[in-house]
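The values are calculated or read from the model by the stated rules, or taken from the named source; none is laboratory data. Just so we're clear, the structure is a prediction, and the values are computed from it rather than from any experiment. In this analysis, Cβ positions are derived from the backbone assuming ideal geometry, glycine residues included, and neighbour counts consider all displayed protein chains. When the accessible area is computed, the model is the full protein with side chains, heavy atoms only, and any ligands, DNA or RNA have been set aside. Shrake-Rupley method; radii C 1.70, N 1.55, O 1.52, S 1.80 Å.
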Amino acid sequence: MSKSNVYITTAIAYVNDKPHIGHAMDFLYADVLARYYRQEGHKVVLGTGVDEHGLKIAEKAADKGMKPKEYTDSIVPSWLEFADKLGMKYDNFMRTTDPHHEKTAQKIWKDLEKYIYKSAYVGWYCVGCEEYKTETHVKETENVCPLHNREYEKIEEENYFFALSQFNDEIKKRITDGSFKIVPKKRRNEILSVLEEGLEDISISRPKSKLAWGIPVPGDKDHVMYVWFEALMNYITVLGYPDEKDFKDFWPAHTQVIGKDILRFHAAIWPAMLLGLGIELPKTLYVHGHISADGKKMSKSLGNVIDPVEVISKYGLDTFRYFFTRHISSYEDSDFTWEKLDSAYNDELANDLGNALQRVVSMVVRYQDGVIGGMPESNHDIGAYQDAMEECRFDHALDAVWDQVKGVNQYIELEKPWQIAKEGDEEHLKEVLAEAASSLMQIGELLKPFMPDTSKKIIQTLSEGVIVAPKTSLFPRFE
Ligand SMILES: [Zn+2]
């Protein structure tokens, strides 16, 4: 039986600034999932894209004395470079200024027209969030957005509204019956309580007189679409919706990866749009937490912003990928410190993994002229690893791999191959080293989605007919 197709998305990135660690997490998690399902024999599309409209981009471009499109043209290549640096291998990429996206957004608007109406909007807006804010929220935060340290704008205008409230019960039902799965549970409960209170209709356009930079509302030259409303459509336009094969073959998404700050867009507005269009909902929405640094929220003014590119240039890509999937919780908020990164590198990568490989290789070279006799199929149970991957618990999946890494070292300590060599029991020695090598081969396989380069080195080293000790260790210790 052929395996189901798998479509994974990163959150669509808003390109008003350079990519930061939050984007890196989206890209990394989505890439790990894509690699995992590819390895499991599925056909996989990893889709990503950039969100280029809205007030924040218009402001940023104006600051730089550029037209909005000129500005986004200048910054988009750096986002693609960033994806490369993180080792993210995406298949499809879509800009929201792409003619296909713009044309399709207008078609979708028309297809949703029975849920769209015009009405007066009076309320608040945070340009930083590109989000309308409720009166209660504005009061609670004393008129300043805590995320952006910026006053809300009071908006009074005639806008188009989307009848989000009509979809409230259906979305609740899909989440409750598990057909639209949200992990972790905490985020699922969070959105369920929003649904319990009841969704309100949302404004989905801005008058062109106030914001010209957006996709025109079809049939009304005085309005442009609200940036989030059309940006969410990127998840299907990137597959060539409505007519292209990728959409037919790969939608509904297997997993959409997002950060917790944009839960409401993806767990309420997006499913409502899909239901309105008569399109299936994604199967899973995976919501990761935020990262702080040294116990504090990262901010430019505190100077504690962790630049993923800096981590990669100091420690290497695989160490970055390892640390941020294992030591940053897959479900909760986490704190980053350089000390934690250092000790993960030294204790786990150099000591546990690097040593296990080096010891086995050097004994095979020394005692058996580099020939591993009859490596058995590894029979370690990988159920815990697979279960963790299915639940996007990357940290737990790597814990399971590390149990096995430690197991190899313990096995060597216990069996003492150097002793067996001294006693001259060649058969037994061969068995012991082959067992250890086979376990390492399996570790190499399990690490493939996380540490592609390390995985390749382990497998290549052990697959040679006559193996030789690698010139450098996998993770040389820092002096
Ligand atoms: Zn804000």
Verdict on Arg326 being crowded, with 21+ Cβ neighbours inside 10 Å, under 30 Å from Trp251 (Cα atoms) and among the basic types (Lys, Arg): no
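Let's see how each residue does on (1) free of Cβ contacts under 8 Å to residues at least 40 places away in the same chain; (2) in the same structural domain as Tyr117 (by TED's automatic domain parsing); (3) in contact with a Lys or Arg (Cβ under 9 Å, 6 or more places away or on another chain):
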{"position": "Asn234", "(1), (2), (3)": "no, yes, yes"}
{"position": "His254", "(1), (2), (3)": "no, yes, yes"}
{"position": "Ile262", "(1), (2), (3)": "no, yes, no"}
{"position": "Lys300", "(1), (2), (3)": "yes, no, no"}
Having 3 or more residues that are in contact (Cβ under 8 Å) with a residue 24 or more places away in the chain and within 16 Å of the ligand (Cβ to nearest atom) is the bar; report the strands (runs of 3 or more DSSP E) wholly within the range 104-178 that clear it. 116-126, 153-162
What's the number of the condition Leu211 fails, among (1) touching a helix residue (DSSP H, G or I) at 6+ places or on another chain (Cβ under 6 Å); (2) open to solvent by less than 10 Å² (accessible area, probe 1.4 Å); (3) part of a loop (DSSP other than H, G, I, E, B)? (2)
Within the range 185-197, is even one residue more than 30 Å from Arg393 (Cβ to Cβ), of a type in the set (A, V, I, L, M) and touching a residue at least 60 places away in the same chain (Cβ under 8 Å)? no
Between Asp243, Asp222, which is in a strand (DSSP E or B) and either over 24 Å from the mean Cα position of the chain (by Cα) or in contact (Cβ under 8 Å) with a residue 24 or more places away in the chain (or both)? Asp222
Is the range 82-101 home to any residue that is of a type in the set (Val, Ile, Thr) and more than 16 Å from the ligand (Cβ to nearest atom)? yes
